[in-house]
Amino acid sequence: MSDRVYIFDTTLRDGEQSPGATMNLDEKMQIALLLEEMQVDIIEAGFPIASNGDFEAVSEISKNIKNSTIAGLSRAKIADIDRAWEAVKHAKSPRIHTFIATSPIHMKYKLMKTEEEVLDSIKHTVSHARNLCDNIEWSCEDGGRSNLEFLYKCIELAIGSGATTINIPDTVGFTLPSEFGSIFKAVRNNVPNIDKAILSTHTHNDLGLAVANSVAAIQEGARQVECTINGLGERAGNAALEEVVMTLKVKKDLMPFHTNVKSEYITKASRLVSSITGFTVQPNKAIVGANAFAHEAGIHQDGMLKNAETYEIMTPESVGLNKSSLVLGKHSGKHAFSEKLKELGYDFGDNVLMEVFGRFKDLADKKKEIFEEDLIALAGERTLTYDEHIKFVSLEVNAGSLSKHQAKLTLIMDDNKQSNSSDGNGPVDATFNAIKQITQTDFRLKLYQVHAITAGTDAQGEVTVRLEDDDLSSQAKGSDLDIIVASAKAYISALNRLIFKKTKSIAKNSAEFKIEGV
């Protein structure tokens, strides 16, 4: 038996059947082209008879993909099979994938057919498909709950009628790995012509066992795995392509099998599918989750800084990431904090580092998650190339639908602490009025922009402010958990920069520049 495992990706078919995951033609083409680049063996491009849009997508993908086999799904109906062939016939390597249910519950309540009628349908439809296409895959829907003796008959008949791949699905994610593996072992031992077809597995994750079941099937003879990027799929999803591929890579000592998939494209594919479908990948998702190569615990960080193999069983580069990440939290030390800043492009001296580290600790006490964007915001406030004549000290604001909008602000200007209370049309306006009164400035506000640095209700807010005076302008950002405080910081930073620019400009022209209190 070959040690190569073929990867059959059904993101565009079973994955798209996830409620809310519908994709248009352009989006499907983007994913198909990337799957081809990854060297995925078979791409199930859709269910051609389901809709005109699905037919068009399968047809266009068939015309454009040259290095992967393109499959179209069909029920055990002549019209379905003909429609699937019309869609995939343009492919350099086309496949018709046809299926019928074989479990007692499906045959009785869904198909309303007897075993004999199902056998007749298999012979009739698989033979018809083989007359159209040399590459035929046949699936026994709900194979995990099918009677084994009946399953043997169905598989033998399907191969005898022209099927070259036999797929046994755990359609409802019901079986345990030991059960599912035993089905494949039994089929190999009891179907006389099984050597004339490749055995395939298609598993669902209803009990969280999809990948484990696929691995068990491989160990018992399956040489094709049907899976999806990010485990996308109906209900709880399918076996995740990235988990199957990396399991085979990492566990070669116990499973001497391989795929041709370029695993370095895994992260890129994950992010593309997530972006197109809008299905966010959970942070602790294996291989592609945001935390898959992230380390926050101090002991783990120390081990990682000494030797990555202490806590990582695969390299981040092997799945397309640049490196692991040291996730910072309130338990992180200065060493890890400094290394992370250097990674982000900031290299501070000890004094500035301790100042930024102190502000980081304050933020970590208030905020559940610290993101790179938070660190960039903290570090960015210390990369100034001008003197800060004006420094923020504190702000208290009254706001709300029934309150008078008032800001009580304290600043330090050239080492002198000054305070003021001002009203305004809203808390931001009141705050800016207070700044202008204390500094005796009145530059034009040309831009005020707010966005959340990261997700979540505890995200830091980042405010961008641009001030103008004559032909000079200055733009700066401020960040804080309180959006009004962030606004004050941004305005003060922009004000410092504009004063610096004006001072340089006036000095260049041998003029004096003076602002009251500066």
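The values are calculated or read from the model by the stated rules, or taken from the named source; none is laboratory data. Every value quoted in this text rests on a predicted model; they were computed, and no experiment measured them. When we count neighbours, we look across all protein chains shown, and the Cβ atoms used for this are built from the backbone with ideal geometry, even at glycine.
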>> Given (1) over 18 Å from ASN167 (Cβ atoms); (2) part of a loop (DSSP other than H, G, I, E, B), identify the lone condition not met by GLU242.
In response: (2)
> Name the pairs whose Cβ atoms lie under 9 Å apart, with the first residue in the range 211-236 and at positive phi, the second among the basic types (Lys, Arg), and 6 or more positions between them or separate chains?
Replying inline: GLY221/LYS185; GLY221/ARG188; ASN230/LYS285; GLY231/LYS285
>> modelled with pLDDT of 80 or more and either outside the structural domain of GLN460 (by TED's automatic domain parsing) or of a type in the set (S, T, N, Q) (or both): is that true of VAL319 in this structure?
In response: yes
> Tally time: how many residues in the range 419-444 are surrounded by fewer than 16 Cβ atoms within 10 Å (Cβ to Cβ) and either in contact with a Leu (Cβ under 8 Å, 6 or more places away or on another chain) or in a loop (DSSP other than H, G, I, E, B) (or both)?
Replying inline: 7
> So, of the residues in the range 207-244 that are surrounded by fewer than 23 Cβ atoms within 10 Å (Cβ to Cβ) and among the acidic types (Asp, Glu), which turns out to be nearest to the chain's Cα centre (by Cα)?
Replying inline: GLU243
>> Being part of a helix (DSSP H, G or I) and in contact with a Leu (Cβ under 8 Å, 6 or more places away or on another chain) is the filter here; which residues of the range 64-79 pass it?
In response: ASN64
> Yes or no: ASP429 touching a His at 6+ places or on another chain (Cβ under 8 Å) and at pLDDT below 90?
Replying inline: no
> Considering only residues of the range 1-49 that are in contact with a Gly (Cβ under 8 Å, 6 or more places away or on another chain) and part of a helix (DSSP H, G or I), which is surrounded by the fewest Cβ atoms within 10 Å (Cβ to Cβ)?
Replying inline: LEU25
